[in-house]
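Some notes on the structure that comes next.
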Amino acid sequence: MSAVLEIKEGLEGVVAATTRLSSVDGEAGVLLLAGFPVEEVAPRASFEEMVWLLWHGELPRAAELASFSARLAAGRALAPATLDLLRAAAARRVDPMDALRMAAGTLSLAPEAGSDPRADAALLVAAFPTIVAAYHRLLQGDEPLTPRADLSHAASFLYLLTGQEPDAERVRGLETYLNTVSDHGFNASTFTARVIVSTRSDLISAVTGAVGALKGPLHGGAPGPALDTVFEIGTAERAEEVLRAKLGRGERLMGFGHRVYRVRDPRADVLGAAAERFYRRAGDMTLYDLARAVEATALRVLHEHKPERRLDTNVEFYTALLLHGLGLPTALFTPTFAIGRVAGWTAHGLEQHDRGRLIRPQSEYVGERGRRWVEIGGR
Ligand code: COA
């Protein structure tokens with residue numbers, strides 16, 4: 001028998017590597033992205049600047065930004081085989097996150113794939129919005145649109161969904177969202193990506209695995225259900241009754257609680273402010289005001305329900321509100337999260353590739369020992 005090992009179920013509190021990409025202080029409610037507080041950088045950076053910052057550790061200069069933006073724009077078109085796969089997936093109405101996972105793997109078909117990790121990273125970041133938008137159109141019975149190189153990354157995604165050039169406010173709202181979720185410590189999908197790269201596998205494999213991890217409702221799958229709850233409640237007076245009934249049935253309230261934050265998730269404030277600006281500009285605050293009321297009631301009933309666990313608002317609650325305000329359907333919330341988080345997945349892949357060690361924890365065996373083989377007739 002080996003020495004007694006301390007078991008941390010779910011790896012809670014375990015520090016598995018160092019990173020320069022983001023710092024999550026769960027007690028103080030502070031998130032740094034490459035050294036910048038999230039509220040400082042997310043509402044100001046373009047997504048291209050954010051990706052560069054994560055990959056290089058510095059903000060790009062004008063010439064660097066121009067050539068990087070052009071490089072990403074040049075990588076938007078999908079290979080015919082990727083489109084064929086999306087058509088087959090749409091014919092079977094496969095979940096959009098499964099379609100994204102399958103299509104991500106096809107990026108290995110690009111001639112430059114596998115040549116070096118940065119080439120893979122650029123392929124992934126550039127192609128994700130095109131994949132998500134093409135698949136969404138196919139599900140609606142529409143043909144995918146041809147990407148335009150003259151639009152920014154965020155504007156291109158909105159254009160590829162609708163065929164209309166988005167206005168500047170909408171693009172800013174989406175960029176603020178994508179930047180806000182671009183990286184977040186060793187969350188489950190990022191950890192998945194780093195484990196894969198730690199075996200000296202490639203970034204396309206790593207990001208494909210990360211998409212699978214993001215899909216689950218305990219990670220990236222929460223904003224859709226969070227918005228559904230707000231719609232189900234309908235009017236502020238019904239919030240308490242509906243939320244208490246959910247807790248009574250043993251359900252979790254989506255958009256609340258976090259593995260690391262014990263206070264309000266700072267990303268909720270960045271997205272809440274962006275959502276408020278957006279709804280105010282649109283001239284209809286009804287949904288925004290309802291969501292604020294639902295949030296206040298949820299925090300109160302969660303505190304009563306689990307006084308010993310500090311459950312507060314997480315990023316997903318205001319993600320739902322903002323993305324809905326931007327006109328994105330619920331089915332696109334988690335794939336849009338992936339379009340932002342692929343910045344962090346690739347940055348972690350590069351960091352792991354350059355400096356990381358094989359990630360290989362242990363488990364404690366709790367099964368039987370010393371068993372004897374029984375022939376088939378005797379079982
Ligand atoms: N609603 C109701 N109860 C919740 C809750 C929520 N949103 N989040 C946690 N709890 C409860 C759990 O049921 C558990 O109770 P128990 O001890 O009686 O089983 C207790 O609080 C501790 O939860 P735990 O599962 O240990 O927390 P975790 O750190 O593993 O989970 C989340 C963190 C995010 C998975 C969890 O808070 C959750 O499921 N939230 C809802 C989904 C969501 O919004 N996900 C997006 C995350 S950004």
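The values are calculated or read from the model by the stated rules, or taken from the named source; none is laboratory data. Keep in mind that what you see is a predicted model, and the values were worked out from it rather than measured. Here Cβ is always computed from backbone atoms with ideal geometry, including for glycine, and neighbour counts include all displayed protein chains. When the accessible area is computed, the model is the full protein with side chains, heavy atoms only, and any ligands, DNA or RNA have been set aside. Shrake-Rupley method; radii C 1.70, N 1.55, O 1.52, S 1.80 Å.
Put simply, the amide H of residue 265, placed in the peptide plane, has neighbours under 5 Å in 313, leaving out anything fewer than 5 places away on its chain. Of the GluC sites (Glu not before Pro) found in segment 309-379, the ones in coil according to DSSP and having at most 11 other Cβ atoms within 10 Å of their Cβ are 364, 368, 375.
Less than 5 angstrom separates the built amide H of residue 256 from those of 314, all sequence-distant by 5 or more or on a different chain.
When the chain is treated as a GNM with alpha-carbon contacts under 10 Å, the residue of 363, 23, 189 showing the greatest mean-square fluctuation is 363.
By definition, a body whose alpha carbon gyration tensor gives a ≥ b ≥ c is oblate when a/c is 1.5 or more and a/b is not larger than b/c, and segment 223-325 fits this oblate description.
Here the 3J(HN,Hα) profile of segment 40-57, calculated from phi with Karplus coefficients 6.51, -1.76 and 1.60 at θ = phi - 60°, is 7, 8, 4, x, 10, 6, 6, 5, 4, 5, 5, 4, 4, 4, 5, 6, 10, x Hz, Gly and Pro shown as x. In the chain, the ratio of gyration radius to Kirkwood radius, Rg to Rh, stands at 1.00 when only Cα atoms are counted. Annotation: per residue accessible area for the chain equals 48 Å², rounded to a whole number [probe 1.4 Å, protein chains only].
A protection proxy built from the mean count of other Cβ atoms within 10 Å ranks the segments 301-307, 29-35, most packed first, as 29-35, 301-307.
Taking the Cα centre of segment 223-325 as the origin and placing charges on Cβ (Lys, Arg +1; Asp, Glu -1), which of 318, 261, 297 is farthest toward the positive end of the dipole? With unit charges placed on the Cβ atoms, the residue in question is 261.
For residue 99, the shell of other residues with beta-carbons less than 14 Å away shows a net charge of +3, using +1 for Lys and Arg and -1 for Asp and Glu. Of the solvent-accessible surface of the chain, computed with a 1.4 Å probe and all protein chains present, 53% belongs to carbon and sulfur. Loop-located GluC sites (Glu not before Pro) across segment 193-250 with a Cβ neighbour count of 16 or fewer within 10 Å are lacking, with loop assigned by DSSP.
Once you list every other residue whose beta carbon is under 10 Å from the beta carbon of residue 247, what net charge do they have if Lys and Arg are +1 and Asp and Glu are -1? Overall, the nearby charge balance is +3. Over all other residues within a Cβ to Cβ distance under 15 Å of residue 79, the charged ones net out to -1, with Lys and Arg as +1 and Asp and Glu as -1. Backbone phi angles across segment 184-195, fed through the Karplus curve with coefficients 6.51, -1.76 and 1.60 (θ = phi - 60°), yield HN-Hα couplings of 7, x, 9, 4, 4, 6, 5, 4, 4, 4, 5, 4 Hz in residue order; Gly and Pro are listed as x. Applying the Karplus relation 6.51 cos²θ - 1.76 cosθ + 1.60 with θ = phi - 60° to segment 19-26 yields 3J(HN,Hα) values of 8, 9, 8, 8, 10, 10, 9, x Hz, where x marks Gly and Pro.
Each of 54, 5, 24 was scored by the projection of its Cα onto the charge dipole of segment 4-95, and the greatest displacement toward the positive side belongs to 54; charges sit on the C-beta of Lys, Arg, Asp and Glu. Between the alpha-carbon centres of segment 183-231 and segment 322-379 there is a gap of 7 Å.
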